[in-house]
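**Q** This is the structure I want to talk about, given as C-alpha cells.
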Amino acid sequence: MGLFFVGRYTAGRATPRPASAELRRGEQGEAAPAVPGKSIAVLPLLNESGDPRDEYFSDGLSEELIAALAQIRDLKVIGRSSSFQFKGRKEEPKTIGEKLGVSTLLEGTVRKQGDRVRIVAELINAADGIELWSRTFDRKLKDIFAVQEEIAKAVAESLKVTLLGSDNRSAQTRAPTSVEAHNAYLQGHFYLQRRNLEDFRKSVGYFDEAIRIDPDYALAYAESSEALTFIGDLSPEQKKEAWAAAKNHAEKAVAVGPSLAEAHAALGWVRFFSEWKFAEGLRELRRANELEPANPTANDLLSRVLVYVGQIQEAKKLARQVIELDPLAYFVRNNLARILLTEGKLDEADAEARKAVELQPTGAASHRWQVFVAIQRGDGETAMREAQLEPDEGYRRFELALAHYARGDRPAADAALSEMIAKDRNLLAYQIAEVYAWRGETDKAFEWLQISFDNQDTGTLALLIDPLMRSLRDDPRYKNLLAKLGLPGSS
C-alpha cells in the first residue's frame, strides 16, 4: 500500500526557474510567490470527437503538450496533477492563474475522426482572459508529434522565450515509430491514471500492445513497469509475478531509452521499492533527476526515497520544488506532510496533510498523518474524528485502533486491532506493527515487523524514520532488523 500514493513519473516537466525567482520562505513555511511572467498551464483539451471513448486521446495529447512546452527555456510549466484539477470545471482564467501561479493558459479542443485529427489551441492571458492567439491544426494522425512541436513553437514565439533544440535527449527517445503504438500507449496511460487495481491491469494490456507494435517504445515499458509494480503491491498473490515483470520492463526501458528520465525513474522505483536494492534505486532516481531536473513526479519519487534513508533536508527541498511546479498535486502535499512529521514539526505537518485532503478527499490513507499528529499531541478526540473520516476501510481500522487507544478506550482499541489483524494482515502487516509499537507492546510489534519484513511489505521501508516506532529504537532487535533491511544511512 505504500506505493499506492506515489504519483506517476510523467505528471509534468518544466524548466527550472532562475534562482532570483525562487520562493522566499521564512520560518513559518512557504511564502506566496509572485506569478512569473513566463509561466503556463495546459488545461485538459476538450474531446469533441463525439465519442467518450476518445477521451484517452485528448487527455494524452494534453499531457504531451506539457512535455513539449517543457522544452522551452526559462518557462515555468505546471504539472499534470494540477492542470487536470480543472478538467470539466468552469472557472475564470484569473482564478485558475492565481491557483496555479501562472500568467498564461493553453486550452482548446481535439476532434479525432478516422486517421485525421483537428486541434484548436488558444493561448489565454490569465489575468484578464484575453486571447493572445488561436490556431487550428488539421493533420493526419501520423503527424501528431509535429503538431505538438508547432504548438510549442507558437507559444515560445508569443511569450518571447526560446524553444530548446532537437538535441534534447529526452524528447528524442519519447516518440514511438508508429501511430498504432502511440494510440495503444495513450489508452494504457489513460487507465493508469485511474489509480485502481482493475485499471492498472487494463493499462498493462494496452502497454503490451504498444510494445508489440514498437519493441523499442521506452516510455511504454516504463509506464508498464509502474502499473505492474502497483499490481504486485496491491495483490499479494500476484506480487512475485508482477514485480518480476515490472523489473524486466524497467530494465528494457533503460536499455532502449538510456536518455529518457522516465526510464531511469521506473528502474529506480523497482530497485528501491520492490527489489530492496536501495543504493541502486537511489542512483537511478538521481539519474532521472539529472536528465530532467524539474520533472515533478520523478522528483517526488526521489524525495520519498530520501526520506526513507533519513536525508530529510534534501527530501524537503525537493518536495517544495515539486509543489511549486505542481501546486495542486495531492500526493506531493501528502509526502511533504510525512517529511514534516518526521522532523517533529506537528503543526506544519498537520497543515500540509489537511491541504492534501482538500485536494483529494477520497484518497486512501488521506487522514493518516492527521491521526499521527493528534496521537502525538495526546489529543484522542481529534484523532478519533480524523480516523472516522478516513475513506479507505483498511486504513480506517488502522487509524481507529490508534485513536481509541489515544482516548484511553482499551476495549475499543483491542477490537479495532483484532479486526485489522483478521481482515488486513496481508496488506497492512507493517501498520499492525505500528499499532503495537505505539501501545508499547514491544514483543508483538517485533513479531509483526518480522512478518512485514518476510512478506517484503513496502511499509517496512519507513522503519528508520517512523515516529510511531520511536519506542523500539533502543532495542537490539530494532537495530538488527534495520541491518537486515540495509537502508543506506541506517547504520
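Here, each number is a calculation from the coordinates, and none is a lab measurement. This structure is a prediction, so every number in the text was calculated from the model and none was measured. Note: ideal-geometry Cβ built from the backbone for every residue, glycine included; neighbour counts use all protein chains shown.
**Q** Taking Rh as the Kirkwood radius, which is the inverse of the mean 1/r over Cα pairs, what is the Rg/Rh value for the stretch 91-158?
**A** Details: Rg = 13.4 Å, Rh = 12.9 Å.
Reported Rg/Rh (Cα atoms, Kirkwood Rh): 1.04.
**Q** Could you sort out which of Lys38/Lys202; Lys160/Lys247; Lys140/Lys239; Lys316/Lys423; Lys94/Lys355 sit more than 32 Å apart by Cα distance in this structure? Intermediate values should be presented prior to the final figure.
**A** On the way: Lys38/Lys202 39 Å; Lys160/Lys247 43 Å; Lys140/Lys239 42 Å; Lys316/Lys423 35 Å; Lys94/Lys355 21 Å.
In this structure, Lys38/Lys202; Lys160/Lys247; Lys140/Lys239; Lys316/Lys423 lie more than 32 Å apart at Cα.
**Q** So which trypsin sites (Lys or Arg not before Pro) in the stretch 418-464 pass both tests, a DSSP loop state and at most 16 other Cβ atoms within 10 Å of the Cβ?
**A** Details: sites: Lys423, Arg425, Arg439, Lys444; in loops: Arg425.
Hits after loop and neighbour filter: Arg425.
**Q** If you take the beta carbon distance between Gln388 and Ser259 as r and set R0 to 45 Å, what does 1/(1 + (r/R0)^6) give as a FRET efficiency, to the nearest 0.05?
**A** Working: r = 49 Å, r/R0 = 1.09.
It comes to 0.40.
**Q** Extension gain Glu419-Arg194, at 0.36 nm per residue separation less the Cα-Cα distance, in nm?
**A** Working it through step by step, the gained length comes to 78.1 nm.
**Q** OK, next. Return the whole-Å distance between the Cα centroid of the stretch 255-330 and the Cα centroid of the stretch 417-491.
**A** Comparing the Cα centres of the stretch 255-330 and the stretch 417-491, I get a distance of 25 Å.
**Q** Quick one: which residues, 5 or more positions from Ile72 or on another chain, have an amide H under 5 Å from its amide H? H modelled 1.01 Å from N in the peptide plane, none for Pro or chain starts.
**A** Leu164
**Q** For the stretch 214-293, state the average projected area of the convex hull of the C-alpha atoms over all orientations, rounded to one decimal in nm².
**A** On the way: hull surface 18.8 nm².
Mean projected area for the stretch 214-293: 4.7 nm², to one decimal.
**Q** Still on this structure, I have one more. What FRET efficiency do you get for Ala127 and Glu358 if R0 is 22 Å and r is their Cβ-Cβ distance, rounded to the nearest 0.05? Write down the numbers at each step before the final one.
**A** Numbers: r = 25 Å, r/R0 = 1.13.
That pair, Ala127 with Glu358, gives E of 0.30.
**Q** Set the Förster radius R0 to 30 Å, insert the Cβ-Cβ distance between Ile312 and Thr442 as r into 1/(1 + (r/R0)^6), and round the FRET efficiency to 0.05.
**A** Values: r = 26 Å, r/R0 = 0.86.
Approximately 0.70, to the nearest 0.05.
**Q** Let me ask another. Taking GluC sites (Glu not before Pro) as candidate sites, keep only those in a DSSP loop with at most 13 other Cβ atoms within 10 Å, then name the longest stretch of the chain containing none of them.
**A** Numbers: sites that count: Glu22, Glu27, Glu91.
Segment 92-491 is the longest.
**Q** Take the chain, drop everything but the C-alpha atoms, weight them equally and run the Debye formula without solvent; then report log10 I(q)/I(0) at 0.06, 0.10 Å⁻¹ to two decimals.
**A** Each listed q maps to, in turn, -0.27, -0.76.
**Q** Calculate the length of the line joining the C-alpha centroid of the stretch 59-103 to that of the stretch 340-397, in whole Å.
**A** 29
**Q** What are the aspartates and glutamates whose alpha-carbon lies under 19 Å from the alpha-carbon of Lys90, with same-chain residues fewer than 8 places away excluded?
**A** Output for Lys90: Glu48, Glu55, Asp59, Glu98, Glu107, Glu122, Asp128, Glu131, Glu358.
**Q** Suppose we keep just the DSSP beta bridges with both residues in the chain; what percent of those would be antiparallel, to 5? Let's see the in-between values first.
**A** On the way: 22 of 29 bridges.
The antiparallel fraction comes to roughly 75 percent.
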